[in-house]
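Quick notes on the structure that follows.
The values are calculated or read from the model by the stated rules, or taken from the named source; none is laboratory data. None of the values given here were measured: they were computed from a predicted structure. Cβ: placed from backbone, ideal geometry, glycine included. Neighbour counts: every protein chain shown.
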Amino acid sequence: MPKRGTPPLQGDLLQGTLDVLILKTLALGPAHGHTIAHLIEQRSDEVLQVEHGSLYPALHRLEDRGWISSFWGTSENNRRARYYRLTPVGRRELAEQTSRWDLMVAAINRVLKPAME
Amino acid sequence: MSWRRFFRRSRWDEERARELESNLQIETDAQIARGLSPEDARAAARRKLGNATRIREEIYAMNTIGWLETLWQDLRYGARLLRLNPGFATVAILSLALGVGANAAIFQLIDTVRLRTLPVSHPEQLVEIQIGSTHRTGSFTGRRPMLTYPLLEAIRRDQQAFSGLAVWSAAQFDLSQGGEAQNVQALYVNGDFFPTLGVEPIAGRLFVPSDDVRGCGAPGVVISYPFWQRQYGGAASVIGQTLTLDGHAFDILGVTPAAFFGVDVGRSFDVAVPLCADSIIRAEKGRLDGRASWWLAVLGRLKPGWSATRATAQLAAISPGLFRATLPEQYGPDDAKGYLAMKLAAAPAPAGTSALRRRYDTPLWLLLGATALLLLITCANLANLLLARATAREREIAVRLALGASRTRIVRQLLAESLLIACAGTVFGALVADWLSRFIVGLLSTETSQIFLDFHLDWRVFALMSGLAVVTALLFGLAPALRATQTAPAEVMKTGGRSATDTHERFSLRRALVVAQVALSLVLVLGALLFARTLQNLATIDPGFQPAGLVSINLDLRRTAIPAADLAAAKTRLTERVRALPGVTSAAEARIVPFDGNFWNELIVINGIQQPGIPYFNRVGPDYFRTIGTKLVRGRDFSAHDTASSPAVAIVSQSFVRKYLGNGDPIGRAFRIRMPPGQTSPNYQVIGVVEDTKYQSVRDPFGPLVFTAAAQDPAPDAFGTAVVRSNLPLATLASEATTAITGIDPAAVVQFEPVEQDLYSLLLPERLMATLSVFFGLLAALLATIGLYGVLSYMVARRRNEIGIRMTLGASTRTVIRLILGEASLLVTVGLAIGVVLAVASGRAANALLYGLRASDPLTMGLAAALLVTVAALASWIPAMRAARVDPNVALREE
């Protein structure tokens, strides 16, 4: 049975990107879904809008792979919220995906830059 | 595929629901913080979060396994539907359980008796040494008298095919020290028996070749696991204890494993002794040197690279030499010629040997055929029931199809329902199978011959059962399921859809199913009647005497102090003691009691000419004929004046007179027994003629019989038999007679057996066939009745408004009833006609088991048909009455 909702990174750039963005956000410390979405939007200067419809399935997928783990905690406003934190495996994965991202950006730039000059 | 995720998917879903809910709260808080009113904030948060159910569904889909999820849904849906229709579910599951259960039980029996290999190492290498065409005379003892000891030794010397020979002979020993016998089943085995089979002891040790040497003093005994448990409670201290077998002490050496019952399927053993013990137990009658004493059966283990064919060739090559070297010296030229022409052969025997197998082979296969028919009827019945249900749910299915349900999904749902029925049917079927096979073994076992069969559900039986369930589910699930979805939704949903023509085709399938059921039921009902009548014919045969109230007493005087010269007189005296007991009408000595399994026959010579045929013989004392209840028609009975020194006399049966003595007065005529060269027979003078009696089997026709006088026995031995007629209960007779006999000598051993018991045992295969086929026949008739009832009720329901119109137009109640009954009689008539053809075709297989009638017996056929017509009439009466009570007003208003 193919793993549903886990297409290869290159196949779905957007989804793969969301995964690495979530991992990066959680590298700063544990956070719940709302904070994760909010931080990504804030740090990208609102360029990236995180759809909740994609966020939760992505969180579920990452947790299922063992890259992040979850626990129930209390939010800033004293609300019960489900917090996520990066696991050691997730930390390794973040490093690997970040370097892969750099490689890809550099490669794309090498293709795009000469044409623009 | 992740099963972990699959089984945790519901918990995950709840978790996500809670998480999304909490996030909604947090988002709302954030919006309020931006200055929105609580209501607007909540609405904005909802907008931002989007469709929470969609998100949950997406995550749920990640966790689940698609086909499994829907299968589970289908099964739950099916179970709910079955719970809603308990009547349908009960009939469906019960009939399937009976069909599958009966099949599995009979197959399990066939498997145990025929197919299963022996529980020994590498059973596939085992072959039995047999003699091709046999011309053997002499004494035959044991359950499988194949070889003599001298022949065995010659084979052991010259054979090359086998790495080991396992030799055995069954016997019965008495554990008592005198008084009433306590018999145990015994095996004589050679020293190589256990090593060749690869059987290891579970306590102590088993025999090795050095235990079985000629002249072994007091050899040990090996006991079986069941005997160990029964007699000693499984105590380890049993090793080294002493066991008395026929008055001889044996040390217990070891215990065989629980699964090992010997090599004779259907029988087990309690104790095993080496072959050399025969000369201790039977003393001067020992069989080790007897060249005409046939008592041994031999299994050989093939050497690597040898096949049964190659072994047969080698055995055939050495046969002439073997038989020449072991020719019994007492054989005349005819016997010698036959003996020397015999050839040894090796027959594959991975499943051991079995007399039970030979005796019940045809009955078991016939019964398997009957149960297969029963299963077919069951399937037809279920298909009919399911078809009826599919029709009833036609509208529901049409609505769902119209709403966009896929055809496959609906077919799958209907199939899931049948699969549930099949599974439940199989589970209950396993219970039925277990019960039925116990019942059959109970039926086959008598007090004197315990049938031992090692029942356990092995994988083949299990595979057969689950296979049956799946095939059945497909068979009776697929057709109704496909038909139900083939109808166009619009057609069904039209209000007038009930009378649309598409139903005609469906209805004829149901009618065809009923016709098939009636036809197959006729075959089974006919079989039931045939076997029941066969048993009745056999049970009511006049054996020529009165077996009821007759008891045979077996005496063993070997351990008594009575000197050999006094044995004949002692036996007469003991018989007189028994005769004198209160409640005993009469008693007489007899060497052979009818139906006890023994026989004695001799060629006779009249006026120097050897006569055709071999009449049966018996040796009886005075009053024998009055005791068994047969009449002396001419001459006189034996009396005290007939002694060893008076002229030899004989009483013969009427058949003997007709065959050998012709017309004229038989009294005073004489004959001799044909003796081996060098011996002379006394000249027997006929002193009386008695009515014909059966000798070995009630099935045999009356044959010529010769009775000689007990007092004129030329070589009286330590064994005696007497028949006693009394009105005492068996237990009372046994204890009083035992006291009377042991009063003369306490070491005398006695044993009692009602003659009717032997008669009962003889008829066991017929009793098995009759009991089970009646059971199957009744079941088949019942199922056919349910089927017919179902079709007719359905027809009445469908034609309600037609009937209403007919009645409005003036049709009488009688016309309506005739309409329904006409339909019923058409179905039954066609079914019966097909059934008769099937029955005649399949009847030939049964002929060998019938007695006093043929499978094509018109009376029985008529009776079976009449029986089915009667139950069919009952089955159609209720729907017909229902049709007659249709109120035209109500029926027409429904439209």
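Out of B:Val120, B:Val100, one residue alone is among the hydrophobic types (A, V, I, L, M, F, W, C) and assigned to a loop (DSSP other than H, G, I, E, B). It is B:Val120. Among the criteria (1) surrounded by 16 or more Cβ atoms within 10 Å (Cβ to Cβ); (2) in a helix (DSSP H, G or I), the one B:Ala797 does not fulfil is (1). Restricting attention to segment A:47-63, the residues being more than 14 Å from chain B (Cβ to nearest Cβ) and either on the phi > 0 side of the Ramachandran plot or out of contact with any helix residue (DSSP H, G or I) (no Cβ under 7 Å at 6 or more places or on another chain) (or both) number 1.
Can you spot a residue in segment B:67-87 that is in contact (Cβ under 8 Å) with a residue 24 or more places away in the chain and at the interface with chain A (Cβ under 9 Å from one of its Cβ atoms)? No, every residue in segment B:67-87 fails to be in contact (Cβ under 8 Å) with a residue 24 or more places away in the chain and at the interface with chain A (Cβ under 9 Å from one of its Cβ atoms).
Quick check on segment B:440-451. Is at least one of its residues small (Gly, Ala, Ser), closer than 23 Å to B:Thr378 by Cα and modelled with pLDDT of 80 or more? Within segment B:440-451, not a single residue is small (Gly, Ala, Ser), closer than 23 Å to B:Thr378 by Cα and modelled with pLDDT of 80 or more.
Cβ-Cβ distances below 9 Å connect the following pairs, each with a first residue in segment B:623-646 that is at positive phi, a second residue that is aromatic (Phe, Trp, Tyr) and crowded, with 19+ Cβ neighbours inside 10 Å, and a separation of six or more residues or different chains: B:Asp623/B:Phe638; B:Gly629/B:Phe545. Being assigned to a loop (DSSP other than H, G, I, E, B) and in contact (Cβ under 8 Å) with a residue 24 or more places away in the chain holds for only one residue in B:Gly321, B:Gly262, B:Gly305, and it is B:Gly262. Within segment B:746-794, if we keep just the residues that are of a type outside the set (Val, Ile, Thr) and not in a helix (DSSP H, G or I), the residue that is nearest to B:Pro543 (Cα to Cα) turns out to be B:Leu763. Considering only residues in segment B:693-707 that are within 23 Å of B:Val551 (Cβ to Cβ) and in contact with a strand residue (DSSP E or B) (Cβ under 9 Å, 6 or more places away or on another chain), the one that is modelled with the lowest pLDDT turns out to be B:Gln696.
Of the residues making up segment B:373-395, those that are over 21 Å from B:Leu71 (Cβ atoms) and either of a type in the set (A, V, I, L, M) or without any contact (Cβ under 8 Å) to a residue 60 or more places away in the chain (or both) are B:Leu373, B:Leu374, B:Leu375, B:Leu376, B:Ile377, B:Ala380, B:Leu382, B:Ala383, B:Leu385, B:Leu387, B:Ala388, B:Ala392. Reported count of residues in segment B:563-601, each being more than 12 Å from B:Tyr695 (Cα to Cα) and part of a loop (DSSP other than H, G, I, E, B), is 6.
Among the residues of segment A:64-117, just one is more than 14 Å from every other protein chain (Cβ to nearest Cβ), in contact with a strand residue (DSSP E or B) (Cβ under 8 Å, 6 or more places away or on another chain) and of a type in the set (Val, Ile, Thr), namely A:Thr87. Filtering segment B:549-603 to residues that are under 30 Å from B:Pro677 (Cβ atoms) and within 41 Å of the chain's Cα centre (by Cα) leaves B:Arg591, B:Ile592, B:Asn598, B:Phe599, B:Trp600, B:Asn601, B:Glu602, B:Leu603.
Just give me the residues in segment B:19-36 being aliphatic (A, V, I, L, M) and at the interface with another protein chain (Cβ under 9 Å from one of its Cβ atoms), in sequence order.
B:Leu20, B:Ile26, B:Ala30, B:Ala33, listed by residue number.
Can you tell me which residue in segment A:72-91 is surrounded by the most Cβ atoms within 10 Å (Cβ to Cβ), limited to those that are aromatic (Phe, Trp, Tyr) and in contact (Cβ under 8 Å) with a residue 40 or more places away in the chain? So the residue we want is A:Tyr84.
This table checks each residue for (1) in a loop (DSSP other than H, G, I, E, B); (2) surrounded by fewer than 21 Cβ atoms within 10 Å (Cβ to Cβ).
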residue: B:Gln330; (1), (2): yes, yes
residue: B:Gly338; (1), (2): no, yes
residue: B:Ala351; (1), (2): yes, yes
residue: B:Arg357; (1), (2): no, yes
residue: B:Leu368; (1), (2): no, yes
residue: B:Leu376; (1), (2): no, yes
residue: B:Leu382; (1), (2): no, no
residue: B:Glu396; (1), (2): no, yes
residue: B:Ser418; (1), (2): no, no
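Restricted to segment B:602-616, and to residues there that are part of a strand (DSSP E or B) and among the β-branched types (Val, Ile, Thr), the residue that is modelled with the lowest pLDDT is B:Ile609. Any residue at all in segment A:31-49 that's modelled with pLDDT of 85 or more and in contact with a Gly (Cβ under 8 Å, 6 or more places away or on another chain)? Scanning segment A:31-49 turns up at least one residue that is modelled with pLDDT of 85 or more and in contact with a Gly (Cβ under 8 Å, 6 or more places away or on another chain). For residues that are outside any helix (DSSP H, G or I) and small (Gly, Ala, Ser), scanning just segment B:538-562, find the one that is modelled with the highest pLDDT. Among them, the one singled out is B:Ser552. For segment B:740-780, a tally of residues being surrounded by 23 or more Cβ atoms within 10 Å (Cβ to Cβ), within 19 Å of B:Thr721 (Cβ to Cβ) and hydroxyl-bearing (Ser, Thr, Tyr) returns 0. Would you confirm whether or not segment B:634-645 contains a residue that is of a type in the set (Gly, Ala, Ser), within 15 Å of B:Ala588 (Cα to Cα) and either surrounded by 20 or more Cβ atoms within 10 Å (Cβ to Cβ) or not assigned by TED's automatic domain parsing to the domain that holds B:Arg573 (or both)? No, because not a single residue in segment B:634-645 is of a type in the set (Gly, Ala, Ser), within 15 Å of B:Ala588 (Cα to Cα) and either surrounded by 20 or more Cβ atoms within 10 Å (Cβ to Cβ) or not assigned by TED's automatic domain parsing to the domain that holds B:Arg573 (or both).
Within segment B:604-631, track down each residue that is surrounded by fewer than 16 Cβ atoms within 10 Å (Cβ to Cβ) and either closer than 24 Å to B:Thr572 by Cα or within 37 Å of the chain's Cα centre (by Cα) (or both). Result: B:Gly613, B:Ile614, B:Arg626, B:Lys631.
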